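Notes to accompany the following structure.
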Amino acid sequence: MDTFSIPETMKAMTLVAYDSLKLATVAVPKPGPGEVLCRIKAVAICGSDPKMIHGGYKFAHWPPYFPFIMGHEWAGQVVAVGEGVKDFVPGDRVAGEAHAGCGKCDNCKRGHYTVCLNYGRDGRGGSFDAGHRHYGFYWQGANAQYNVYKVGALHKIPDDMDYNVAALCDTAGVAFHGVQLAGVTPGGTSVVMGPGAIGLCAMMECKALGSGQVIMIGRGAKLEMARQLGADVCIDFEKEDPVQRVLELTGGVGADEVMECSGAIDSPLKACRMVRKTGSVAIIATYHDDEVLIPANTVNFNEIRIVGSKANPNVSDQVIHMLATGAIQGEALITHRFALEEYEKAIDVFENKKDGSLKVIINP
């Protein structure tokens, strides 16, 4: 078992007010029972991060207080363990999840810990036996040199896996949860709407699960990336009607399943119109406006199954395997890397899609 010299203080990028970030020196947290302290090696910026910085999640009380340490897509190394921890030892290489459920409510008992019924309780600290942690949203996150995590939020990664790639476990897992909920028809047709990082992961996951034809709908450089990463057909929605084109490609029947990853307000409507009778639509994206149109009669008469998909429960080990084997080409999704001190520049590059940015990594 390795031993590590752990400092008393560390650097952390803190959100001190909406639209105001500050690099601070803060105390290194200490692991309690059932927890481990991790040295953060890589953090991937998520689309939710700039939205939270700008106050876009005030309705959800994210963050719950200031100053707050964001960051939830991460990988690192265990450097100390708390009382009762047996499954991890210092030196273990791990990737983390954003959610750690209470483990006691009905949803957690059924494995639905990302929709834990005790979400948000004890969000400011203290005993967390009955609470849920949402790291980087409601509980201090990974934009720092160290952070403490419940062991239930950690998964070991192979010794030869790059930490930057391992930090994509969350992104790939969010995609895979939706893909699993919708189901993939071996030899059938899967459609992915939106070639962002989650959509590209979903596309590669559908192929890994045996889809006979994976169609990506998008535009621009990201659509071209989907082509390079193995999409069988790419549809530019600015040049042709994606619903009509999918119907043409499937002999008028429609796709077996559609993964909606774009977040465009009209995409769920289009998804329902391009999926076959008794097909499935997974809503993986989130939307700026909750008033999203669904064609109720089409859903009803065609017995379309629509599934909502939140985060990445129970899929991390599978996506770590797919990242390790190259079924998900994680390295190809990483376009930029920055030090923690350059976080504001990194956010600017990510948010404003500069220099072809896709996944932007912070290395604390």
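What follows is calculated from the coordinates using simple rules that are stated; it is not laboratory data. The model shown is predicted, which means the values in this text are computed figures rather than measured ones. Virtual Cβ from ideal backbone geometry, glycine too; neighbours counted across all protein chains shown.
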Report summary line: Using alpha carbon centers only, segment 228-253 is separated from segment 1-66 by a whole-angstrom value of 41
Query raised in the report: Between Asp266 and Gln228, what FRET efficiency comes out of the Förster formula 1/(1 + (r/R0)^6) with R0 = 35 Å and r the beta carbon distance, rounded to 0.05?
Result: 0.85
Query raised in the report: Leu117 to Lys104: extension gain in nm, 0.36 nm per residue of separation minus the Cα-Cα distance?
Result: 3.8 nm
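Which helices of the chain meet both criteria: a Cα extent of 15 Å or more along the helical axis and a mean Kyte-Doolittle score no lower than 0.0, with helices taken as whole DSSP H segments?
Membrane-span-like by this criterion, though nothing is claimed about a membrane: 169-182, 197-208.
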Report summary line: Distance in nm between Ile294 and Lys51 label points, each 7 Å along Cα→Cβ, equals 1.8
Query raised in the report: At what distance in nm do the modelled label points of Thr9 and Asp160 sit from each other, each positioned 7 Å from its Cα along Cα→Cβ?
Result: 4.2
Query raised in the report: If R0 is 45 Å, what FRET efficiency do you get for Lys239 and Ser20 from their C-beta distance, rounded to 0.05?
Result: 0.60
Query raised in the report: Can you list, largest first and rounded to whole Å, the semi-axes you get for segment 171-308 by taking the square root of 5 times each eigenvalue of its Cα gyration tensor?
Result: 19, 16, 15
Query raised in the report: Using DSSP loop states and a limit of at most 10 other Cβ atoms within 10 Å to flag trypsin sites (Lys or Arg not before Pro), what is the longest stretch of the chain containing no flagged site?
Result: 240-364
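Mind giving me the FRET efficiency for Tyr65 and Asp355? R0 is 35 Å, r the Cβ-Cβ distance, nearest 0.05 is fine.
Using R0 = 35 Å, I get an efficiency of 0.55.
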Query - DSSP bridge orientation in segment 155-298 - percent antiparallel, rounded to nearest 5 - result: 5
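Taking GluC sites (Glu not before Pro) as candidate sites, keep only those in a DSSP loop with at most 13 other Cβ atoms within 10 Å, then name the longest stretch of the chain containing none of them. Spell out each step's value before the answer.
Working: sites that count: Glu8, Glu83, Glu238, Glu240, Glu291, Glu303.
The longest uninterrupted stretch comes out as 84-237.
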